[in-house]
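Taking it in order: structure first as structure tokens, then the write-up.
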Amino acid sequence: MTVHLRKVNKGLKGQITVPGDKSISHRAIILGSIALGKTTIAGFLPGNDCLSTIECFKNLGVDIKQHNDFVEINGKGITGLTEPNCILNVGNSGTTIRLLMGVLSHTNFYTSLTGDESICKRPMDRVVHPLKQMGTNIDGRVHGRYAPLSIRGGDLKGQIHRLNVASAQVKSAILLAGLFATGGTTVVEPYQSRDHTERMLKKFGVKINRDGLRISLLGNQKLIGTNIIVPGDISSAAFLIVAATIIPNSKIIIKNVGLNPTRTGVIDVLKQMGANIKIMNYREAEEPYGDIIVTASSLSGTTISGDLIPKLIDEIPIIALAATQAKGKTIIKDAEELKVKESNRIDTVVKQLKQMGAHITAIEDGMIINGKTNLIGTDVDCYKDHRIGMMLSVAALLSEGDTTIKNSDCINISYPNFLKDLAFLSGK
């Protein structure tokens, strides 16, 4: 799909909600499927990625009913999955394939996993190797580095795993495998990654312990079905937050957004740059959430690195756009993980924003942006990457002239109504 967008002259105004959190929606389906009894999920994200997770677990014998953002699961228990009669296709979802590897690591049946062209280029060995060490039988192309993958589980033994990269997907896959292992499983992170898996395991009755950067659990614990409420996805909200910050005369309210402290790096960075962002109606639950009020602001450049990166890795494309509208230099580094997302996000962000007139340069582990720059509408391509597609849509509302965005249907992966919501806020 190709979309055509033009500059917004009157700013963004209004109140809006964003879709349910993608990370939490995935995990709710996965844990509900291996729990005993019924699990309900309200606020589920019915985007393509999360629907892929549902379809995979249906093919593993789980009874799942989904209607818009409400899901009901009749869980099979920790050993109740059955051999699928087809190859499990995860579509574009890295979360689905990596967490599924952990769940399937103990099974006594055969499973084959694949995905779209992007998934088949993304590294899976970071999960394959620790699962093999625990005792599972798993392989794939190039010695297990790439999908398609084949799994016939084994007798797992808990181990201590020290991660080189702070990755919530890798951590979660290992912890899920640990549920089926003999003894204890521990993951040690270099920096803290998003902790939705740990929070939700507790919600399902699992005893799990965090000591600094060490997360540990014992195997053979039962999960009990429960009720999950999914807050709005801060990664989706980030695109609207930046849009309202950098488009003059804007003021918006985004309701009921998840404010997990391992995910709010985008707010911290934007405030550091000078953004006028306020949190109202903050509430604590399994996942904290609240309302975000954003007013157009003047930004200054900053440096983003170190332990901040895992807290905003998915938001870096839109932060890069914000940096084009900030005075001075912004440096983003320690973000090599961007190279193995849905696209190489270092290359795609730099190439597409350069085409629109930005002064932006790629470096080995990030990018350098010099602002403030007046962007120019042109033909751009989001390379089937939903975060790039949303970033370019916001950039188009700032740019002089017309902007044409190719392959924009990928936005449906995480925010199916994103373009409609932008139109609503811009009064169109």
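Structure summary
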{"item": "From Pro148, Pro130, residue being modelled with pLDDT of 95 or more, over 18 Å from the mean Cα position of the chain (by Cα) and assigned to a helix (DSSP H, G or I)", "result": "Pro130"}
{"item": "The listed residue being touching a strand residue (DSSP E or B) at 6+ places or on another chain (Cβ under 9 Å), among the hydrophobic types (A, V, I, L, M, F, W, C), surrounded by 23 or more Cβ atoms within 10 Å (Cβ to Cβ) and not assigned by TED's automatic domain parsing to the domain that holds Ile411, out of Ile34, Ile30", "result": "Ile34"}
{"item": "Qualifying residue in the stretch 180-190 (condition: under 26 Å from Pro288 (Cβ atoms) and surrounded by fewer than 17 Cβ atoms within 10 Å (Cβ to Cβ))", "result": "yes"}
{"item": "Every residue from the stretch 66-98 that is closer than 20 Å to Lys22 by Cβ and among the basic types (Lys, Arg)", "result": "Arg98"}
{"item": "Test: residue in the stretch 237-247 that is in the same structural domain as Ala395 (by TED's automatic domain parsing) and over 19 Å from Ile319 (Cα atoms)", "result": "no"}
{"item": "All positions within the stretch 156-179 that are modelled with pLDDT of 95 or more and part of a loop (DSSP other than H, G, I, E, B)", "result": "Leu156, Gly158, Gln159, Leu163, Leu179"}
{"item": "Residue in the stretch 50-97 that is surrounded by the most Cβ atoms within 10 Å (Cβ to Cβ), counting only those that are part of a helix (DSSP H, G or I) and over 21 Å from the mean Cα position of the chain (by Cα)", "result": "Asn59"}
{"item": "Answer from Val128, Val165 - the residue that is touching a residue at least 40 places away in the same chain (Cβ under 8 Å) and not basic (Lys, Arg)", "result": "Val165"}
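Matching residues to (1) over 22 Å from Ile331 (Cβ atoms); (2) at pLDDT 95 or above; (3) part of a loop (DSSP other than H, G, I, E, B):
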{"position": "Ser343", "(1), (2), (3)": "no, no, yes"}
{"position": "Val350", "(1), (2), (3)": "no, yes, no"}
{"position": "Lys354", "(1), (2), (3)": "no, yes, no"}
{"position": "Thr361", "(1), (2), (3)": "no, yes, no"}
{"position": "Ile368", "(1), (2), (3)": "no, yes, no"}
{"position": "Val380", "(1), (2), (3)": "yes, yes, no"}
{"position": "Lys384", "(1), (2), (3)": "yes, no, yes"}
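Conditions (1) touching a residue at least 40 places away in the same chain (Cβ under 8 Å); (2) surrounded by fewer than 23 Cβ atoms within 10 Å (Cβ to Cβ); (3) over 15 Å from Ile241 (Cα atoms), marked per residue:
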| site | (1), (2), (3) |
| --- | --- |
| Ser300 | no, yes, yes |
| Ile319 | yes, no, no |
| Lys327 | yes, yes, yes |
| Thr330 | yes, no, yes |
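Condition check ((1) closer than 26 Å to Thr373 by Cβ; (2) in contact (Cβ under 8 Å) with a residue 60 or more places away in the chain; (3) in contact with a Lys or Arg (Cβ under 7 Å, 6 or more places away or on another chain); (4) charged (D, E, K, R)) across all residues:
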position: Gly274; (1), (2), (3), (4): yes, no, no, no
position: Met280; (1), (2), (3), (4): no, no, no, no
position: Glu286; (1), (2), (3), (4): no, yes, yes, yes
position: Gly290; (1), (2), (3), (4): no, no, yes, no
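The values are calculated or read from the model by the stated rules, or taken from the named source; none is laboratory data. Bear in mind that the values here come from a model prediction, so they are computed numbers and not experimental data. Methodologically, a virtual Cβ is constructed for each residue, glycine included, from the backbone with ideal geometry; neighbour enumeration extends over all protein chains shown.
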